[in-house]
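Okay, structure first, notes after.
The values are calculated or read from the model by the stated rules, or taken from the named source; none is laboratory data. Here the structure is a predicted model, which means the values were calculated and not measured. In this analysis, Cβ positions are derived from the backbone assuming ideal geometry, glycine residues included, and neighbour counts consider all displayed protein chains. These accessible areas exclude ligands, DNA and RNA; they are computed on the full protein's heavy atoms, side chains included. Shrake-Rupley method; radii C 1.70, N 1.55, O 1.52, S 1.80 Å.
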Amino acid sequence: MTGAVIGAGQALVSSGRLNPARWSAATATASGLGLLLGAALVDYRTDLGSLAFMGAVEGVLLGTAQACTLPHTARLPWLWAVAMPVLWAAGWTVTTLAGVGVEARFTVFGATGALTFSALSGILLHRLLPASTPGRTTGPDSLREVDA
């Protein structure tokens, strides 16, 4: 469920540059499997090193799945796959260092980690995605113009 919500949110803020159904499905599936695998590999421990490793494992699966669903016009899609393990590990690291009660075994990092992850991944995704999708127009009357 967490992955579906994250994927839907990312697709929503992409200004139509991500396919919401494909992106959300890939995110939900890879996030769920990645969390399961990562948590099992660290034996469900919640210390800083374990959570960073778990995040990196989840990020590998998530980044690979999402990179495969990026539009074919995306620049350097492999960069997304490489960045996700680092950014997911960073999210858990920031959350743990902020003193969030991670021993409750949340499915995703807390607000501090989410802000860090969202800001960094949002900048990267904005750079990788094409300015607009074919057939989509932007102009002074659109809600948001996208610069090339």
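Name the single residue, out of those in region 90-110 being in contact with a helix residue (DSSP H, G or I) (Cβ under 8 Å, 6 or more places away or on another chain), open to solvent by 20 Å² or more (accessible area, probe 1.4 Å) and hydrophobic (A, V, I, L, M, F, W, C), that is nearest to V5 (Cα to Cα).
If we take residues in region 90-110 being in contact with a helix residue (DSSP H, G or I) (Cβ under 8 Å, 6 or more places away or on another chain), open to solvent by 20 Å² or more (accessible area, probe 1.4 Å) and hydrophobic (A, V, I, L, M, F, W, C), then V108 is nearest to V5 (Cα to Cα).
Is one or more of the residues making up region 60-67 open to solvent by less than 30 Å² (accessible area, probe 1.4 Å), at pLDDT 85 or above and hydroxyl-bearing (S, T, Y)?
no
Would region 68-79 turn up any residue that is in contact with a helix residue (DSSP H, G or I) (Cβ under 6 Å, 6 or more places away or on another chain), modelled with pLDDT under 95 and closer than 20 Å to T116 by Cα?
Taking every residue of region 68-79 in turn, none turns out to be in contact with a helix residue (DSSP H, G or I) (Cβ under 6 Å, 6 or more places away or on another chain), modelled with pLDDT under 95 and closer than 20 Å to T116 by Cα.
Consider only pairs whose beta carbons are under 6 Å apart and that are at least six residues apart or on different chains; among these, list those whose first residue lies in region 7-18 and is touching a residue at least 12 places away in the same chain (Cβ under 8 Å) and farther than 22 Å from G32 by Cα and whose second residue is open to solvent by less than 10 Å² (accessible area, probe 1.4 Å) and not β-branched (V, I, T).
R17/L129
Restricting region 73-89 to residues that are among the aromatic types (F, W, Y) and farther than 17 Å from G32 by Cα, which is surrounded by the most Cβ atoms within 10 Å (Cβ to Cβ)?
To start, the set of residues in region 73-89 that are among the aromatic types (F, W, Y) comprises 78, 80, 88.
Cutting the leftovers down to farther than 17 Å from G32 by Cα gives us 78, 80.
Working: W78: 13, W80: 24.
Looking at the filtered set, the residue picked out is W80.
In the list A52, A65, A56, A81, which residue meets the criterion of being in contact (Cβ under 8 Å) with a residue 40 or more places away in the chain and either among the β-branched types (V, I, T) or in a helix (DSSP H, G or I) (or both)? Reasoning before the result, please.
Working: A65 fails: in contact (Cβ under 8 Å) with a residue 40 or more places away in the chain; A56 fails: in contact (Cβ under 8 Å) with a residue 40 or more places away in the chain; A81 fails: in contact (Cβ under 8 Å) with a residue 40 or more places away in the chain.
None of the other options fit; the residue is A52.
Report the residue count in region 5-36 for those that are crowded, with 18+ Cβ neighbours inside 10 Å and β-branched (V, I, T).
Selection size over region 5-36: 2.
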